[in-house]
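Structure record follows, encoded as structure tokens.
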């Protein structure tokens with residue numbers, strides 16, 4: 001349990017502030033994360049890493065010479081917002097492009113993916129790598145669906161060394177993808193973690209038992225067994241990974257035995273002796289092993305083992321010097337302080353020129369978000385209850401928090417005479433930033449995509465509204481990867497967009513078309529009770545979701561109905 005805190009909602013931000021003060025030699029704080037405090041040369045590829053907080057030293061602890069140039073930090077176990085990823089990447093960029101690297105979680109995929117789209121719009125060459133090392137989260141043949149766990153560290157270490165050596169963006173990306181393809185992890189837990197301010201852990205393991213195949217976000221394992229002696233645990237971990245070795249792996253490997261936050265180093269040392277013996281039994285030569293806490297899950301009791309099969313180039317980068325709070329290899333690299341950063345912009349008070357008709361529409365949009373926020377605040381407990389049946393129960397809180405932030409931002413933009421597109425864009429960024437998690441990423445992405453399809457110069461026509469909604473759902477499906485039938489928000493969103501477009505094309509007014517589309521979304525949300533989830537952490541526990549509606553689809557249908565009532 002987390003005992004030392006001021007305000008649970010500020011735990012991640014407070015911890016980051018303290019970390020930056022302690023490690024000012026290596027990092028400096030920026031809004032939403034950290035940058036290197038040491039100078040990096042123009043023409044160097046920028047490695048920008050990140051994810052949710054609660055995993056220290058991942059991710060901010062891996063910023064420094066030879067490693068990351070910047071890290072973006074979300075709330076505990078929640079993806080950082082698109083806007084912050086893009087903002088920090090711009091500050092880290094040195095003219096040679098940016099590699100965004102993160103664990104393969106739905107919210108991170110959405111937010112980093114959409115941030116890359118926005119950065120490319122600024123003329124910055126960006127590559128995106130979702131790390132996929134956890135063999136417990138998807139079977140062979142479905143490697144692209146696997147999570148990123150402690151395998152993040154060898155991938156980031158080697159990619160960072162390649163960038164530090166002066167390789168170009170194409171080469172750095174190639175190296176990073178190769179090390180990801182050659183990295184496998186598997187873990188066990190003896191007890192679940194507890195969020196700051198919570199009284200109960202996210203999951204409980206019975207006394208004398210251990211969960212197998214855990215995740216870093218407090219996910220329970222995929223199996224459970226009695227706790228074995230260290231020698232048998234080593235066989236379980238090593239043999240599962242060896243069975244998953246890549247093609248033509250070679251014999252030399254980087255090995256990481258990782259504690260998850262609540263397991264003593266001495267326990268890891270005991271386990272290591274048996275792990276090392278088992279690896280050698282399989283003919284694996286161990287190269288510069290790491291044993292300790294490198295990717296944690298707050299106070300979770302447990303450990304994971306990671307093997308990265310090396311080739312000559314990867315071994316060179318694995319052994320290359322680096323200097324960070326979480327990992328130091330070789331001699332300290334010579335550095336000098338980075339120049340001061342320009343002051344962050346104050347709160348925005350000017351917006352693109354807008355026509356009177358678009359400003360009027362912007363005021364209407366802002367009022368709609370106020371009604372949405374009131375509705376979702378009232379529905380917070382019910383949405384949380386629905387989510388708890390198949391997930392972690394935080395969906396209602398995230399929707400309430402995100403919609404309230406969106407309403408505030410939209411009202412502020414409208415008060416400064418912003419047009420409809422700008423008001424919607426302000427709401428989108430605020431929703432994503434405040435809600436966090438996958439739902440915040442999806443709503444931020446969808447609303448931003450819709451805003452990008454509109455024009456402040458004119459009031460949106462019925463056809464323009466329908467087209468903006470279509471572009472929004474297409475962006476969510478393209479970047480997030482969800483499709484109808486996956487038991488996600490998309491199951492309600494796609495029929496809503498399709499019905500809206502068809503009704504408008506058939507001559508219905510926007511009020512009529514929206515009402516009929518909202519009915520289609522409600523029916524589709526109800527129908528998700530018959531589906532099994534095929535994406536994200538929910539698919540690992542698919543059976544228990546049968547008979548229960550998806551919380552994201554339900555909340556979308558509720559929001560569509562409320563917006564429709566406002567239009568009427």
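Grab the beta carbon distance between residue 251 and residue 381, set R0 = 60 Å, and tell me the FRET efficiency rounded to 0.05. Before the final figure, lay out the partial values.
Values: r = 56 Å, r/R0 = 0.94.
After rounding to 0.05, the efficiency reads 0.60.
Taking R0 as 56 Å, what FRET efficiency do you get between residue 530 and residue 336 from their Cβ-Cβ distance, rounded to the nearest 0.05? Could you put the intermediate results ahead of the total?
Numbers: r = 62 Å, r/R0 = 1.11.
E between residue 530 and residue 336, to the nearest 0.05, is 0.35.
If we sort 180-186, 91-97 on the protection proxy, mean other Cβ atoms within 10 Å, highest first, what's the order?
Working: 180-186: 25.4, 91-97: 18.3.
Taking the mean over residues of other Cβ atoms within 10 Å, the ranking is 180-186, 91-97.
Can you give the relative contact order of the chain as a percent, counting alpha carbon pairs under 8 Å and 6+ residues apart?
Numbers: 1304 pairs, mean separation 71.9, N = 568.
RCO, the chain: 13 percent.
Using only Cα atoms, locate the centre of the stretch 149-186 and the centre of the stretch 57-105, then give the distance between them in Å, rounded to an integer.
Cα centroid of the stretch 149-186 versus Cα centroid of the stretch 57-105: 15 Å apart.
Compute the angle between helix 462-480 and the longest alpha-carbon principal axis of the chain, please, reported from 0 to 90 degrees and rounded to the nearest 10.
So the inclination is approximately 10 degrees.
Against the longest alpha carbon principal axis of the chain, how many degrees, from 0 to 90 and to the nearest 10, is the axis of helix 230-243 turned?
60 degrees
P(r) of the stretch 1-131 in 10 Å steps, Cα pairs, percent per bin?
Per 10 Å bin, starting at 0, the Cα pair percentages come out as 14, 47, 32, 7, 1.
Provide the FRET efficiency to the nearest 0.05 for the residue 42-residue 231 pair, computing r from the beta carbons and using R0 = 35 Å. Mind dumping the intermediate values first?
Values: r = 53 Å, r/R0 = 1.51.
That pair, residue 42 with residue 231, gives E of 0.10.
How large is Rg/Rh for the stretch 234-284, to two decimals, with Cα atoms and a Kirkwood Rh?
Details: Rg = 11.9 Å, Rh = 11.9 Å.
On the Cα set of the stretch 234-284, Rg over Rh gives 1.00.
When the Cα centres of the stretch 114-136 and the stretch 16-54 are compared, how far apart do they sit, in Å?
Rounded to whole Å, the Cα centres lie 18 Å apart.
Distance from the Cα centre of the stretch 350-405 to that of the stretch 286-313, in angstrom?
Measuring centre to centre over Cα atoms gives 40 Å.
Once the piece of chain linking residue 243 and residue 171 is laid out straight, how much longer is it, given 0.36 nm per residue of separation minus the C-alpha distance between them?
Values: separation 72, 0.36 × 72 = 25.92 nm, distance 2.94 nm.
Full-extension gain reported as 23.0 nm.
Give me 20, 549 ranked fewest to most by other Cβ atoms within 10 Å of their Cβ, as a rough exposure proxy.
Details: 20 19, 549 22.
The order, fewest Cβ neighbours first, is 20, 549.
How many percent of DSSP beta bridges within the stretch 1-131 run antiparallel, rounded to 5? Don't jump to the answer; show the numbers that get you there.
Numbers: 7 of 24 bridges.
About 30 percent, rounded to the nearest 5.
Looking at the chain, what % of its DSSP beta bridges pair antiparallel, to the nearest 5? All intermediate terms of the calculation are to be shown ahead of the outcome.
Values: 31 of 56 bridges.
Roughly 55 percent of the DSSP beta bridges within the chain come out antiparallel.
Quick one: order 193, 303 by neighbouring beta-carbon count within 10 Å, fewest to most.
Working: 193 28, 303 25.
If I rank by nearby Cβ atoms, fewest first, I get 303, 193.
What order, most packed first, do the peptides 269-282, 363-376 have when packing is the mean number of other Cβ atoms within 10 Å of each residue? Before the final figure, lay out each step's value.
Numbers: 269-282: 16.7, 363-376: 20.9.
By packing density, highest mean first, the sequence is 363-376, 269-282.
When averaged across all projection directions, what area in nm² does the alpha-carbon convex hull of the chain cover? Write down the numbers at each step before the final one.
Details: hull surface 99.5 nm².
For the chain, the mean projected area of the Cα convex hull comes to 24.9 nm².
Run lengths n ≥ 4 of DSSP H only: what is the helix-derived mean residue ellipticity at 222 nm for the chain, with -39500 (n - 2.57) per run over all residues, to the nearest 500? Each step should come with its number before you reach the end.
Values: 17 runs with 258 residues, N = 568.
Only helices count here, giving -15000 deg cm²/dmol.
For the ranges 140-153, 219-232, 115-128, 435-448, what's the packing order if you count other beta-carbon atoms within 10 Å of each residue, average per peptide, and put the highest first? Mind dumping the intermediate values first?
Details: 140-153: 21.1, 219-232: 14.8, 115-128: 17.3, 435-448: 27.8.
Descending packing order for the listed peptides: 435-448, 140-153, 115-128, 219-232.
Dividing the convex hull volume of the Cα atoms of the stretch 356-567 by its residue count, what figure in Å³ per residue is obtained? Can you show the working numbers first?
Details: hull volume 19.6 nm³, N = 212.
Cα convex hull per residue, to the nearest whole number: 92 Å³.
Treat the count of other C-beta atoms within 10 Å as a stand-in for reagent exposure and order 210, 397 from fewest to most. Could the numbers behind the result be given before it?
Numbers: 210 22, 397 17.
Taking fewest neighbouring Cβ atoms as first place, the list is 397, 210.
Would you kindly state how much longer the chain becomes between residue 269 and residue 313 on full extension, computed as 0.36 nm times their sequence separation minus their alpha carbon distance, in nm to one decimal? Write down the numbers at each step before the final one.
Working: separation 44, 0.36 × 44 = 15.84 nm, distance 2.91 nm.
Result for the pair: 12.9 nm of gain on full extension.
Cα axis of helix 510-527 to longest principal axis of the chain: angle in degrees, 0 to 90, nearest 10?
40 degrees
Laboratory data are not the source of any read-out in this text; all were calculated from the coordinates shown. Computed from a predicted structure; not experimentally measured. Quick reminder, even Gly has a Cβ in these numbers, built from the backbone with ideal geometry, and neighbours come from all protein chains shown.
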